[in-house]
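Visitor: Here it is, the structure, as structure tokens.
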Amino acid sequence: MIQLSVAGKRFGHKLLFENTDWLITPRDRIGLVGANGTGKSTLMKVLAGLDTLDYGSLIVAKGTTAGYLPQDGLSLSGRTVFAECMGVFTELHAMERELETLTHRISELDHESPEYADVADRYHSLEHEFRTRDGYSIEAEVGRVLMGLGFRKEDWERQTDEFSGGWQMRLALAKLLLQKPNLLLLDEPTNHLDLEARNWLEEYLHNYPHAFVLISHDRYFLDVTVNKIAEIWNKRFWFYTGNYGKFLTQKTQRNEQLQAAYRNQRDRIEQLEVFINRFRYQATKAKQVQSRIKELEKIERIEIPPEEKTIHFSFPQPKPSGRIVAEFVGVAKSYPAKAGNNGSEKEVFRDVSFMIEKGDRIALVGVNGAGKSTLIKLLAGAEPLTCGEFKLGHNVEADYFAQDQYKELDADARMIDDLGAASPRSTQTELRSLLGCFLFSEDDVFKKIAVLSGGERGRYALLRLLLHPANFLLLDEPTNHLDLRAKDVLLDALMEYSGTIVFVSHDRYFIDKLATRVFEIGDGKVEVYPGNYEDYLWRKQGGSEKQNEAIRQQLKITEPATPPTNGNQPSTEPAAKTRRMNPIKRKKMEDRIHELEAQINRGETVIANCETAMQDFVSADESQRQAQELEQHKTTQAELLKEWEDLSQSLQEAD
């Protein structure tokens with residue numbers, strides 16, 4: 001489809017890459033990776049025909065159609081959302097109009113005339129092509145793509161210019177997917193998508209019939225969509241087979257091989273140089289010296305590029321809080337009615353109750369507009385409750401990172417100076433390393449905050465907040481505008497952080513690694529799920545019910561068959577033997593019993609702590625809350641004991 005030969009590209013005086021040979025074939029699924037500034041987006045523009053190479057050649061096969069989605073900057077107006085998407089099918093619309101015209105002509109012409117035969121032939125060939133290209137289902141396809149990318153049906157008739165920049169980029173992506181070019185070029189397509197839309201896009205790309213090249217800072221997204229990795233590193237291209245996880249393994253192996261080859265070459269060069277210097281002036285060795293000089297000149301030197309520094313950043317650990325960090329009791333939140341909304345207020349939450357405990361790392365998930373940011377604002381005290389009660393626990397101090405946190409910064413200060421004032425004990429080297437972690441390198445650290453882009457200011461605001469974190473962090477999309485390396489630094493630091501975290505992120509890998517509980521927000525409710533995002537999906541897909549059903553099936557032990565008897569005569573046939581339980585089923589039951597025993601022991605400790613806490617009177621309200629909490633724990637404990645007894649009894653009967 002597309003072939004690069006000895007390709008090179010500069011950006012100003014900076015060489016991005018050179019001597020690149022690359023062939024993109026019709027079924028390739030390629031992830032393009034590399035550090036910021038290595039030329040990934042520039043290369044995408046070259047492949048799309050929007051930019052040119054400075055060296056080498058680009059050959060595009062006949063019939064290749066490329067569809068390019070930039071990171072941002074697209075704006076649509078003048079049509080409704082649905083009409084904008086239908087506009088990509090201009091050829092099919094023209095075919096449909098011609099089919100209508102041909103239908104009218106066929107009805108008017110004499111069936112015996114030669115003209116009728118020509119028109120009928122044209123109609124049949126055109127109708128076949130129209131059907132082959134799914135012309136009869138284009139409206140259904142538009143609806144499927146719009147729904148998958150998060151556009152509700154009521155949004156379809158809204159004007160495109162009513163939507164924000166992020167939704168405009170979603171619409172541009174929808175149009176590109178509907179066009180189905182045979183080479184998709186997607187530059188960070190997940191930037192403006194929530195988790196549900198990302199999951200849908202993963203499935204769509206998995207079934208996409210043509211090739212695509214994509215840039216993404218979402219590790220999980222790369223892992224499940226691509227089967228090749230092209231890395232720009234040290235101004236050269238390196239190609240790997242497999243997804244991003246396999247690429248990391250192969251890259252480590254390649255670096256080890258390169259280091260070994262470099263050491264061997266250095267040893268040989270030193271041997272040659274020692275021989276040459278030792279026998280240079282001896283006539284009897286002149287021929288051998290000349291031979292080694294020629295060998296030395298022919299050696300193509302292996303270059304070891306500078307390794308990326310491994311930066312480990314630990315937040316200062318905050319002072320401990322009480323066991324209960326925050327609690328919602330019957331909380332509701334609504335916003336006043338807007339003009340044109342039939343006078344009805346917008347309800348976000350109703351009768352929401354939950355408890356956040358010390359050490360929780362809670363991920364908030366839900367479709368865009370469900371109320372994730374609103375919940376974080378309520379926890380931060382930045383929004384008032386409509387009704388209900390919100391309590392912060394003992395010694396709890398909250399820090400809130402909003403998506404527009406950068407507005408609180410001093411625009412006239414230089415980053416390095418502002419960060420130094422926030423962390424006076426850090427050296428200039430340490431400050432520059434931290435700024436480098438968050439993608440500010442070299443002379444960027446001396447920029448004034450006022451000249452930074454929105455994404456850059458967001459990254460800097462996050463770094464500044466985390467230098468001295470409180471014991472209750474509320475982070476609204478902290479992974480926005482971070483590359484893979486910066487996300488890893490942030491993730492490692494948050495996993496070592498001893499406080500409590502509530503966060504919103506659309507990065508699946510980040511959520512899976514960090515979250516210990518998931519709060520699903522939607523329809524005015526908050527549903528609480530234990531575990532990370534994988535556990536949440538498992539439960540949503542009926543995993544818990546399926547496991548319980550499997551256990552119930554395991555408990556069905558065949559009863560011995562009792563043969564009929566005549567009157568009081570004992571049967572002379574031997575009694576049937578009880579079937580032995582399958583060893584695999586037995587092992588699962590035993591494992592579940594051990595798990596229940598551990599949970600029951602922990603529950604007894606929690607109940608004992610609650611009973612001890614109730615002995616110290618604080619207030620009538622606090623005593624009532626403690627009593628309710630104790631009752632909840634006892635109810636849970638009773639359910640666990642019942643399950644343990646049932647399983648133990650079944651195991652004894654099997655024996």
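Here, each number is a calculation from the coordinates, and none is a lab measurement. Because the structure is predicted, anything quoted here is derived from the model rather than measured. So basically every Cβ, Gly included, is an ideal-geometry build from the backbone, and we count neighbours across all protein chains shown.
Visitor: Given points 7 Å out from each Cα along the Cα-Cβ axis, report the ASN207 to GLU653 separation in nanometres with one decimal.
Guide: Result for the modelled spin labels: 4.5 nm.
Visitor: Go through 349-360, 215-226, 384-395 and give me the packing order, highest mean Cβ count within 10 Å leading.
Guide: Working: 349-360: 17.8, 215-226: 22.2, 384-395: 14.8.
Packing proxy ranking, top to bottom: 215-226, 349-360, 384-395.
Visitor: Karplus couplings for segment 436-444 from phi (6.51 cos²θ - 1.76 cosθ + 1.60, θ = phi - 60°), rounded to Hz, Gly and Pro as x?
Guide: x, 4, 9, 6, 10, 10, 6, 6, 4
Visitor: Next up: For the ranges 595-605, 162-172, what's the packing order if you count other beta-carbon atoms within 10 Å of each residue, average per peptide, and put the highest first? Can you show the working numbers first?
Guide: Values: 595-605: 13.2, 162-172: 17.8.
Output ranking for 595-605, 162-172: 162-172, 595-605.
Visitor: So for segment 76-166, taking the charge dipole from beta-carbon charges (+1 Lys/Arg, -1 Asp/Glu), which of GLY87, PRO114, HIS104 sits furthest toward the positive end?
Guide: Checking the options against the dipole of segment 76-166, the answer is GLY87.
Visitor: For segment 635-647, take each phi angle, set θ = phi - 60°, evaluate the Karplus expression 6.51 cos²θ - 1.76 cosθ + 1.60, and give the result in whole Hz per residue in order, putting x for glycine and proline.
Guide: 3J(HN,Hα) across segment 635-647, in whole Hz: 4, 4, 5, 5, 5, 5, 4, 4, 5, 4, 5, 4, 5.
Visitor: A follow-up question, please. Tell me, Kirkwood radius of segment 259-298 from alpha-carbon pair distances, in Å?
Guide: Details: mean 1/r = 0.0948 Å⁻¹.
10.5 Å is the Kirkwood radius here.
Visitor: For ALA332, which sequence-distant residues (separation of 5 or more, or a different chain) have an amide H within less than 5 Å of its own amide H, given hydrogens modelled in the peptide plane?
Guide: Result for ALA332 returns ASP351, VAL352, THR386, CYS387, GLY388.
Visitor: How much mean residue ellipticity at 222 nm does the chain get from its helices, if each DSSP H run of length 4 or more adds -39500 (n - 2.57) and you divide by all residues, to the nearest 500 deg cm²/dmol? Working shown, then result.
Guide: Working: 20 runs with 293 residues, N = 655.
It comes out at -14500 deg cm²/dmol, rounded to the nearest 500.
Visitor: Take every DSSP beta bridge with both residues inside the chain and express the antiparallel ones as a percent of the total, to the nearest 5. Could you put the intermediate results ahead of the total?
Guide: Numbers: 39 of 71 bridges.
So the antiparallel bridges in the chain amount to around 55 percent.
Visitor: Ranked highest first by average number of other Cβ atoms within 10 Å, how do 96-109, 72-85, 462-475 line up?
Guide: Working: 96-109: 12.7, 72-85: 15.8, 462-475: 21.3.
Highest to lowest by the protection proxy: 462-475, 72-85, 96-109.
Visitor: Does the chain classify as rounded, prolate or oblate by the C-alpha gyration tensor (a ≥ b ≥ c root eigenvalues; a/c under 1.5 gives rounded; else a/b over b/c gives prolate, otherwise oblate)?
Guide: Numbers: a/c = 1.45, a/b = 1.20, b/c = 1.21.
Cα axes put the chain in the rounded bin.
Visitor: Return the long-range amide H neighbours of LYS346 (sequence gap of 5 or more, or a different chain), with a cut-off of under 5 Å between placed amide H atoms.
Guide: Those qualifying (amide H under 5 Å, at least 5 residues apart or on another chain) are TYR335, ALA337.
Visitor: From the phi angles alone, apply the Karplus equation (6.51, -1.76, 1.60; θ = phi - 60°) to segment 80-90 and give each ³J(HN,Hα) in whole Hz, x where the residue is Gly or Pro.
Guide: 6, 4, 5, 5, 4, 6, 5, x, 6, 9, 4
Visitor: From zero outward in steps of 5 Å, how is the percent of C-alpha pairs of segment 76-166 spread across the bins?
Guide: Pair shares across the bins are 2, 13, 18, 16, 12, 11, 9, 7, 6, 3, 2, 0.
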